[in-house]
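Engineer: Sharing a structure here in structure tokens format.
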Amino acid sequence: MADAHLYEGPITMTRKGFGFFSVGEDSEDLLIPPQWTGHALTGDIVKVEPAGTYRDPSGRMPAREAGKVVEIISRARETFVGALVEENGKTFLTSDYKKMHVPIEVRDVKGAQLGYKVLVRMKGWEANTPYPWGVVEEVIGKAGVHETEMRALALGQGFSSDFPPGVEKDAAYLKEHGRAMLAEEAEREGARRDFRNAPTCTIDPADAKDFDDALSVRKLDGGNIEVGVHIADVSFFVRPGSALDTEARGRATSVYLVDRTIPMLPEILSNDLCSLNPDQDRLAVSAVFTLDAEANIVAEWFGETVIHSNKRFTYENAQEVLDAGSGTMHGELSLLLNLSKKIRARRQAKGAIEFDTPEVKVKLDEQGAPIAVVLKERKATNLLIEDFMLLANEAVAKHLATLTRNGGSNFSSLYRIHDAPDADRIENLANLLRVMGYHLKITGGNVTGAELNKLLEAVKGKPEEYLVKTATLRSMSKAVYATRNIGHFGLAFEYYTHFTSPIRRYPDLVIHRLIKAHAGGAPITAAEMREFDSLALHASEREVAASDAERDSIKMKQVEFLAGRIGEEFDAVISGVTERGLYVEEQTTHADGMIRIHDVGDDYFEYDEKHYRLLGRRTKKAYQLGDPIRVRLSAARVAEKELDFVPVV
């Protein structure tokens, strides 16, 4: 709050042009009527003054405390992606960003035709004018074409496949000199611990292009086992202040759409110099553990290494070796699997939440058209890798926390934190579950990981399993990056960070630099550490943007896949209930759609909020959250990523 009468923070806008502004957890949000929003858009940082009580002239809304935007401090976004349309002789952009409640008048179309997708930069919004205005910055292509739509999804979230000239120059230098740099560093005497003789492998998805983590394992005299979690040393090639570093920091993450990866780093790094390819020497930053037979940590070491992977496994062929009881590195894989099970059991006993929600994968033909929608199968080898990555992330976080404390106020670190769920959200989840016949034990608004695991176990194999998992996930707080540690509720870790994926996540790269700095390498300056707070916010925001783009790309292809099946019947489950109708999830593709309230049935249906259902006034027919339902697909709008269904009576 700037002074006693002004609040500062982000505003949220509705499609009807109303704004909402939070003034604190203990107070109701201020309503900002359209005439008092000051041309603010969702997410903008604004200054708001209280403006008394607002009474809706139509009488449809109850009276409530209102506010008025007096200044826009900063825009949340200045570029928008969408299709060009014409109205009253003017060209407008209808934004793909659903939270954009007004069209943008486009005053320079750069030769783009109507119906084309473009990237528009907003230039201004004059007082007393109904719309903002902008100019086309990039013509993406004709709407509805696969390549256009995928690029539009990425650009709409601020991600581009193209790298700026400075990055291309750095990449060209590494193409010419990178292998020599790598070889020289690998042989530099005393620079790194040498793990080239330790049995080492990578285990990744079949379609992976980069391998940023490897595991080594060997038995030690006395019965203990040494496991090395080796992570590609991106920081050796990406130096602070370079064009490569500036761009990687800006992107903060790679983006994985259904048909492509938009990498954080150029291909020479992500697919070559920093990829732990088999039968090649590679530089790594490693977490090396001495474990006893019960997978307890006896000793640990963190630092720079040189490794040589003996085998590139996919999850599937590593599983085949384990299932067959013989094959390449069978002994090592069996040893790792046995240890990973004990590590996981210990984590679960502490209350780590085991969501294990299957991911949707869309298979495409050469033209980008969807030909199948399947759920990714998680094998024991997936869990094996996950267990050791979590072990390393936790141990590195503890290691840096200790060093940071010892270093005093001049030192800082980055953590991956996950707060306990909000009490209101947990109460809502418990109410929802009660309606579905499940009991979630909560005490004083708090829930334990153990209780959530009991719930998730109880719904296994049932029609509502996916729904309950999704609802539980939605009730959780969001995991974010931060410099102040509060632990990780979902994993039941007191300390946690991201160390294992520096090819695709910038915070991991920073963690590698911190490990090196504390081990006597190039120091992290106090000025750099002062930027950690803003870096944590930026990386968290970019992670959400990437996740939105990835989810939208899947959703678009789910809708496209079903678009040719209008009129067909499907099994679904009711995944949401509102006064507007029912949200349903089709059970084969897990695509979401809606049954509008006027299509629900031959009755007047009322929304029973308390029981999460629609109830027929005359027939008393109820449609309740979690109920299985047979539906017929009535419409598919690919551009909007929307499906309409009607019940099969």
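Engineer: Please list, ordered by residue number, the helices (runs of 4 or more DSSP H) wholly in the range 382-476 having 2 or more residues that are over 22 Å from the mean Cα position of the chain (by Cα) and surrounded by fewer than 18 Cβ atoms within 10 Å (Cβ to Cβ).
Structural biologist: Hits in the range 382-476: 423-435, 449-458.
Engineer: What is the one condition in (1) more than 25 Å from the chain's Cα centre (by Cα); (2) at positive phi; (3) in contact (Cβ under 8 Å) with a residue 60 or more places away in the chain that Val167 does not satisfy?
Structural biologist: (2)
Engineer: Scan the range 458-499 for residues that are more than 20 Å from Asn446 (Cβ to Cβ), at pLDDT 90 or above and of a type in the set (D, E, K, R) and jot them down.
Structural biologist: Arg484
Engineer: Separate question: Kindly indicate which of Glu86, Glu49 is among the acidic types (Asp, Glu), more than 23 Å from Ala152 (Cβ to Cβ) and touching a strand residue (DSSP E or B) at 6+ places or on another chain (Cβ under 8 Å).
Structural biologist: Numbers: Glu86 fails: more than 23 Å from Ala152 (Cβ to Cβ).
Of the residues listed, the single one that is among the acidic types (Asp, Glu), more than 23 Å from Ala152 (Cβ to Cβ) and touching a strand residue (DSSP E or B) at 6+ places or on another chain (Cβ under 8 Å) is Glu49.
Engineer: Given Leu273, Leu269, Leu244, Leu291, which one is assigned by TED's automatic domain parsing to the domain that holds Ile385, within 20 Å of Ala517 (Cβ to Cβ) and either within 22 Å of the chain's Cα centre (by Cα) or modelled with pLDDT of 95 or more (or both)? Steps first, answer last, please.
Structural biologist: On the way: Leu273 fails: within 20 Å of Ala517 (Cβ to Cβ); Leu269 fails: within 20 Å of Ala517 (Cβ to Cβ); Leu291 fails: within 20 Å of Ala517 (Cβ to Cβ).
It is Leu244.
Engineer: Now for a separate question. Give Ala345, Ala324, Ala318 a once-over and let me know the one that is without any contact (Cβ under 8 Å) to a residue 12 or more places away in the chain, of a type in the set (Gly, Ala, Ser) and more than 28 Å from Gly449 (Cβ to Cβ).
Structural biologist: None of the other options fit; the residue is Ala324.
Engineer: Which of the residues spanning the range 370-381 are touching a helix residue (DSSP H, G or I) at 6+ places or on another chain (Cβ under 7 Å) and not in a helix (DSSP H, G or I)?
Structural biologist: Pro370, Val373, Lys379
Engineer: A further question on this structure: Collect the residues in the range 249-305 that are surrounded by fewer than 20 Cβ atoms within 10 Å (Cβ to Cβ), more than 19 Å from Val234 (Cβ to Cβ) and small (Gly, Ala, Ser), keeping them in residue-number order.
Structural biologist: Ala293, Ala299, listed by residue number.
Engineer: While we're here: Out of (1) in contact with a Pro (Cβ under 7 Å, 6 or more places away or on another chain); (2) surrounded by fewer than 17 Cβ atoms within 10 Å (Cβ to Cβ); (3) under 21 Å from Gly368 (Cβ atoms), the odd one out for Asp571 is which?
Structural biologist: It is condition (3) that Asp571 fails.
Engineer: Confirm whether Arg121 is in contact with a strand residue (DSSP E or B) (Cβ under 8 Å, 6 or more places away or on another chain) and assigned to a strand (DSSP E or B).
Structural biologist: Considered against the rule, which asks whether it is in contact with a strand residue (DSSP E or B) (Cβ under 8 Å, 6 or more places away or on another chain) and assigned to a strand (DSSP E or B), Arg121 comes out as yes.
Engineer: Quick check: anything in the range 103-114 within 18 Å of Asn88 (Cβ to Cβ), part of a loop (DSSP other than H, G, I, E, B) and either hydrophobic (A, V, I, L, M, F, W, C) or touching a residue at least 60 places away in the same chain (Cβ under 8 Å) (or both)?
Structural biologist: Within the range 103-114, one or more residues are within 18 Å of Asn88 (Cβ to Cβ), part of a loop (DSSP other than H, G, I, E, B) and either hydrophobic (A, V, I, L, M, F, W, C) or touching a residue at least 60 places away in the same chain (Cβ under 8 Å) (or both).
Engineer: Another one. Restricting attention to the range 88-102, and to residues there that are in a strand (DSSP E or B) and surrounded by 14 or more Cβ atoms within 10 Å (Cβ to Cβ), which single residue is farthest from the chain's Cα centre (by Cα)?
Structural biologist: Going residue by residue through the range 88-102, those that are in a strand (DSSP E or B) are 90-95.
With the extra rule that they be surrounded by 14 or more Cβ atoms within 10 Å (Cβ to Cβ), the set shrinks to 91-95.
Values: Thr91: 35, Phe92: 31, Leu93: 28, Thr94: 26, Ser95: 22 Å.
The selected residue is Thr91.
Engineer: Listed residues Val106, Val167, Val118; which is aliphatic (A, V, I, L, M), over 30 Å from Gly38 (Cα atoms) and out of contact with any Lys or Arg (no Cβ under 7 Å at 6 or more places or on another chain)?
Structural biologist: Testing whether each residue is aliphatic (A, V, I, L, M), over 30 Å from Gly38 (Cα atoms) and out of contact with any Lys or Arg (no Cβ under 7 Å at 6 or more places or on another chain) leaves just Val167.
Engineer: Which of the following residues is surrounded by fewer than 23 Cβ atoms within 10 Å (Cβ to Cβ) and either touching a Pro at 6+ places or on another chain (Cβ under 8 Å) or without any contact (Cβ under 8 Å) to a residue 24 or more places away in the chain (or both): Asp212, Asp207? I'd like the intermediate steps shown before the answer.
Structural biologist: Working: Asp212 fails: surrounded by fewer than 23 Cβ atoms within 10 Å (Cβ to Cβ).
The match here is Asp207.
Engineer: Could I ask something else about it? Evaluate the range 312-325: report whether one residue or more is of a type in the set (Val, Ile, Thr), more than 18 Å from Ala206 (Cα to Cα) and touching a strand residue (DSSP E or B) at 6+ places or on another chain (Cβ under 9 Å).
Structural biologist: Scanning the range 312-325 turns up no residue that is of a type in the set (Val, Ile, Thr), more than 18 Å from Ala206 (Cα to Cα) and touching a strand residue (DSSP E or B) at 6+ places or on another chain (Cβ under 9 Å).
Engineer: Considering only the range 50-67, how many residues are acidic (Asp, Glu) and loosely packed, with under 12 Cβ neighbours inside 10 Å?
Structural biologist: Summing the residues that are acidic (Asp, Glu) and loosely packed, with under 12 Cβ neighbours inside 10 Å in the range 50-67 gives 0.
Engineer: Give the residue, chosen from Ala127, Ala172, that is of a type in the set (A, V, I, L, M), in the same structural domain as Ala112 (by TED's automatic domain parsing) and exposed (fewer than 15 other Cβ atoms within 10 Å of the Cβ).
Structural biologist: On the way: Ala172 fails: in the same structural domain as Ala112 (by TED's automatic domain parsing).
None of the others qualify; the one that does is Ala127.
Engineer: Kindly evaluate Gly24 against the criterion of being part of a loop (DSSP other than H, G, I, E, B), at positive phi, touching a residue at least 24 places away in the same chain (Cβ under 8 Å) and not assigned by TED's automatic domain parsing to the domain that holds Glu138. Step through it out loud before you land on a result.
Structural biologist: On the way: part of a loop (DSSP other than H, G, I, E, B): yes; at positive phi: yes; touching a residue at least 24 places away in the same chain (Cβ under 8 Å): no; not assigned by TED's automatic domain parsing to the domain that holds Glu138: yes.
When the stated conditions are applied, Gly24 does not pass them.
Engineer: Test of understanding: among Asp548, Asp592, Asp644, which residue is crowded, with 16+ Cβ neighbours inside 10 Å and within 19 Å of Arg474 (Cβ to Cβ)?
Structural biologist: That would be Asp592, the only listed residue that is crowded, with 16+ Cβ neighbours inside 10 Å and within 19 Å of Arg474 (Cβ to Cβ).
Engineer: While we're on this one: Go through (1) farther than 30 Å from Arg151 by Cβ; (2) out of contact with any Lys or Arg (no Cβ under 9 Å at 6 or more places or on another chain); (3) in a strand (DSSP E or B); (4) not acidic (Asp, Glu) for Arg60 and report which single condition fails.
Structural biologist: Going through (1) farther than 30 Å from Arg151 by Cβ; (2) out of contact with any Lys or Arg (no Cβ under 9 Å at 6 or more places or on another chain); (3) in a strand (DSSP E or B); (4) not acidic (Asp, Glu) one by one, Arg60 breaks only (3).
Engineer: Take Val217 and decide whether it is in the same structural domain as Leu384 (by TED's automatic domain parsing), assigned to a strand (DSSP E or B) and either modelled with pLDDT under 95 or farther than 25 Å from Ser254 by Cα (or both).
Structural biologist: Yes, satisfied.
The values are calculated or read from the model by the stated rules, or taken from the named source; none is laboratory data. Quick caveat: nothing in here was measured; it's all calculated off a predicted structure. Cβ atoms come from the backbone with ideal geometry, glycine included; neighbour counts cover every protein chain shown.
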